[in-house]
Amino acid sequence: MSEKEKISIPRRRLVIGGLAALGVGVMGAYTLQTLGFMYRRPHNKQYDDLLSLIWNRENAERIGVIVLDEDGQFEPWTVAPQLRRRIGKRKLPEVILEDAKQGRLVEARGWVIPETLALLSALSAVIR
Amino acid sequence: MPAFLDARSVPADTVLETDLAIVGGGPAGISLALALAGAPFKVTLLESGGLTFDDKTQALYAGTQTGVPYLALNGSRLRYFGGSSNHWGGWTRPLDESDFQKRDWLPYSGWPFARKEIEAYFPRAQELVEAGPFLYDETMVFSDELGRTIPLGDGGVYTSYFQFSKWKDNVDDLPTHFGQRYAEDLKRTPNLNVMLHANITGLRLAPNAKTLDHLDIAVLGGGSLKLKAKHAVLACGAIENARLLLASNDVMKTGVGNQNDMVGRFFADHPIPRDTATMVLFDGAIPSFYLAAQTAHGAIFRKTFSPTEEFKRKNMVLGSLTTVENSVSLDATGRAMVAATADALGIDGRNAKAFSLGCGMEMAPDPDRRLTLTTEKDALGLPRLKLHMTIADSDFAHYRDTMKELGRQLLLAKSGLIRLNQASRKEWLSVMDWGSHHLGTTRMHADPKNGVVDANQQVHGVANLFVAGSSVFPTYGSSNPTMNLIALTLRLGDHIKSLFA
Ligand SMILES: Cc1cc2nc3c(=O)[nH]c(=O)nc-3n(C[C@H](O)[C@H](O)[C@H](O)COP(=O)(O)OP(=O)(O)OC[C@H]3O[C@@H](n4cnc5c(N)ncnc54)[C@H](O)[C@@H]3O)c2cc1C
């Protein structure tokens with residue numbers, strides 16, 4: 001994507017742990033404009049392992065849209081492998097608690113939520 | 001039992017004499033007078049008002065304002081015997097150790113001494129405010145009786161405790177109104193005269209400006225008196241203490257104690273913004289001690305959240321006390337956040353309930369937040385004040401950091417989560433209220449260039465003039481001031497006794 005195609009999006013208000021730490025890239029990142037068509041993407045099995053961790057897709061998508069809105073830059077193909085590495089064979093609650101312990105938190109419309117939940121939700125909003 | 005004197009019935013132009021004059025009959029003045037009961041010197045307490053509220057006396061407090069919206073100067077205090085304790089809330093809590101310390105990251109911070117210097121006076125101050133046994137955070141030892149404590153994971157926020165002034169042993173009773181409560185004790189004090197309707201309008205220095213010679217007393221409706229005193233203590237509240245010093249500018253042209261342009265600067269209060277955050281508890285069960293004051297062990301308590309000393313130091317944040325206010329309902333986004341977070345934690349969030357949080361925050365000292373004299377005069381000819389009010393964005397940011405930490409600890413304990421409800425300055429100001437805790441205008445500092453009074457609360461350069469009350473607080477903490485200012489005033493009482501010894 002060229003610099004011209006990017007739109008100016010407010011940077012995330014708070015990332016305690018830092019989405020950036022998970023490799024949420026700046027160069028070549030999807031912007032909100034591009035998310036418009038991504039929303040209507042057909043089901044993509046590539047992320048099923050991660051999406052299956054989500055109990056309620058409707059809730060996750062609602063949260064995901066807010067996370068994307070506040071971050072504005074999100075690459076599923078970059079975030080997914082990093083999430084997989086982070087989660088490994090562990091159960092989600094363990095990882096969520098680790099987020100809290102390490103201060104890996106994201107502020108989404110004021111809600112202070114664990115980063116892993118925020119990223120899974122963003123993925124859920126992007127990959128239908 | 002002798003009655004109080006009434007300045008209106010003293011012949012005009014009378015010159016009175018005393019050993020110690022206390023100006024102001026609020027909690028500071030009354031506590032000092034009680035502390036000096038039986039001392040081998042004569043004390044005269046001068047109070048502007050009578051025993052009850054009076055419009056004309058109250059109007060002497062009016063002033064103007066610029067800057068951030070703040071309470072009207074005649075609306076956030078009361079000018080009659082007992083002072084603002086006639087309408088205070090009775091919330092009581094000692095200052096933290098760090099409130100006294102110099103913090104390198106916080107300009108102008110630090111008292112000239114450590115907390116331990118006034119700790120010995122806390123028990124008596126606690127007795128005077130009638131807040132029961134001095135327990136506060138020691139309340140943890142019987143926390144079961146105070147209901148469950150909301151589980152928090154390890155971190156920078158802990159469950160703290162307020163105690164409450166209670167005139168009578170009942171939660172619903174008023175906090176101690178110092179005037180009514182201690183009137184009879186004061187009347188019984190042999191070395192004390194209390195004079196009502198006596199408005200001090202001038203602190204008259206000797207020509208060398210090194211000592212106070214006498215006080216001018218004016219009576220509403222006409223007449224004036226003089227009081228010659230060996231020593232005097234100003235205890236008129238933080239706004240009026242500064243006004244009297246500034247307005248007494250006949251010998252020292254910039255005002256008494258104002259040789260370094262410090263009087264009236266560093267005004268502060270505790271901002272108490274509403275609905276600062278929404279706290280969700282997954283199990284929906286809120287122990288009653290959070291929502292309202294409850295009685296236990298002869299005291300009235302309420303649980304709050306505070307940043308630990310370590311968190312404040314490491315994260316360079318100011319103090320705060322967060323209260324749980326009332327239950328609130330969540331919108332669709334909130335419900336999704338709660339359900340998804342509970343699911344992700346592997347717990348049942350179906351009974352979750354949300355609560356609005358409020359707080360009392362500490363402000364950073366600001367020399368530009370100040371009181372100055374205007375050309376307008378009150379009915380007694382004293383210049384009225386203008387307050388320029390400020391609040392820094394960083395003050396809000398400090399509190400937000402503390403709330404984020406609380407949110408982190410709720411998640412860690414799997415007990416809940418938090419929403420930070422205010423982000424921009426505009427949002428914060430839209431929910432702003434103030435504690436009416438006037439602070440800082442005659443700050444204490446060993447160096448006259450940085451303060452108005454020294455560590456003994458003596459006005460720099462004026463040997464026999466002292467200031468009592470929260471106007472001397474150089475940094476403010478987040479605890480409500482009254483019990484603390486009384487402890488400090490009791491310490492001043494000991495110093496005064498030593499001067500007469
Ligand atoms: C609505 C409200 C709620 C509050 N709630 C709390 C709370 O919950 N907890 C807490 O700790 N604090 C609270 N406070 C603050 C508390 O009231 C003050 O800290 C306390 O009253 C200060 O005591 P003081 O004696 O220094 O001053 P004041 O109470 O202001 O007393 C000053 C006295 O000086 C007299 N005076 C003034 N000018 C002159 C003059 N020129 N000559 C002679 N006399 C004069 C006045 O009439 C008055 O009696 C509250 C205040 C308000 C307004």
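Read-outs: derived from the displayed coordinates by stated rules, not from any lab. All of these numbers come straight from a predicted model, not from anything done at the bench. All Cβ positions, glycine included, derive from the backbone under ideal geometry; neighbour counts span all protein chains shown.
At a glance:
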{"read-out": "For segment B:5-499, alpha-carbon Rg over 2.2 N^0.38 Å", "value": "1.01"}
{"read-out": "FRET efficiency for residue A:49 and residue A:101, using Cβ-Cβ distance with R0 set to 22 Å, rounded to 0.05", "value": "0.35"}
{"read-out": "Cα-centre dipole for segment B:5-499 with unit charges at Cβ (Lys and Arg positive, Asp and Glu negative), debye to 20", "value": "660 debye"}
{"read-out": "Whole-Hz ³J(HN,Hα) from phi, Karplus 6.51 cos²θ - 1.76 cosθ + 1.60, for segment B:458-474, glycine and proline x", "value": "7, 4, 3, x, 10, 4, 10, 10, 10, 10, 10, x, 6, 5, 8, 5, x"}
{"read-out": "DSSP beta bridges in chain B [antiparallel fraction, %, rounded to 5]", "value": "65 percent"}
{"read-out": "Nearest-20 debye value, segment A:45-127 charge dipole, Cβ charges on Lys, Arg, Asp, Glu", "value": "400 debye"}
{"read-out": "Selection of trypsin sites (Lys or Arg not before Pro), segment B:316-397, meeting DSSP coil and at most 14 other Cβ within 10 Å", "value": "B:350"}
{"read-out": "Relative contact order (%) - segment B:69-128, alpha-carbon pairs under 8 angstrom, separation at least six", "value": "19 percent"}
{"read-out": "Whichever aspartates and glutamates have a C-alpha closer than 16 Å to that of residue B:449, once near sequence neighbours (fewer than 8 apart) are set aside", "value": "B:261, B:366, B:368"}
{"read-out": "Contact order relative to length of segment A:45-127, as percent, for alpha carbon pairs under 8 angstrom and 6 or more apart", "value": "49 percent"}
{"read-out": "Sites residue B:463 and residue B:250, calculated FRET efficiency, Cβ-Cβ separation with R0 25 Å, nearest 0.05", "value": "0.85"}
{"read-out": "Approximate spin-label separation residue B:326-residue B:447, in nm, with each point projected 7 Å along Cα-to-Cβ", "value": "4.9 nm"}
{"read-out": "Using alpha-carbon coordinates, inclination of helix B:482-500 to the longest axis of chain B, degrees", "value": "30 degrees"}
{"read-out": "5 angstrom amide H check on residue B:233, placed H, neighbours 5+ away", "value": "B:21, B:22, B:23, B:466"}
{"read-out": "FRET efficiency, residue B:97 to residue B:297 (Cβ-Cβ, R0 25 Å, nearest 0.05)", "value": "0.55"}
{"read-out": "Dimensionless Rg/Rh of the protein assembly as shown - Kirkwood Rh, Rg from C-alpha atoms", "value": "1.08"}
{"read-out": "Sequence-distant lysines (8 or more away, or on other chains) whose Cα lies within less than 21 Å of residue B:386", "value": "B:56, B:253, B:377"}
{"read-out": "In nm, spacing of pseudo-spin labels at residue A:94 and residue B:149 (7 Å Cα→C-beta vector)", "value": "3.0 nm"}
{"read-out": "Segment B:2-135, relative contact order in percent, only Cα pairs under 8 angstrom and at least six apart counted", "value": "17 percent"}
{"read-out": "Difference of contour (0.36 nm per residue) and Cα-Cα distance, residue B:316 to residue B:210", "value": "34.1 nm"}
{"read-out": "Spatially proximal lysines relative to residue A:89 (Cα-Cα < 20 Å; intrachain offsets below 8 disregarded)", "value": "A:45, A:101"}
{"read-out": "Backbone N under 19 Å from the residue B:53 label point (7 Å along Cα→Cβ), restricted to segment B:404-442", "value": "B:434-438"}
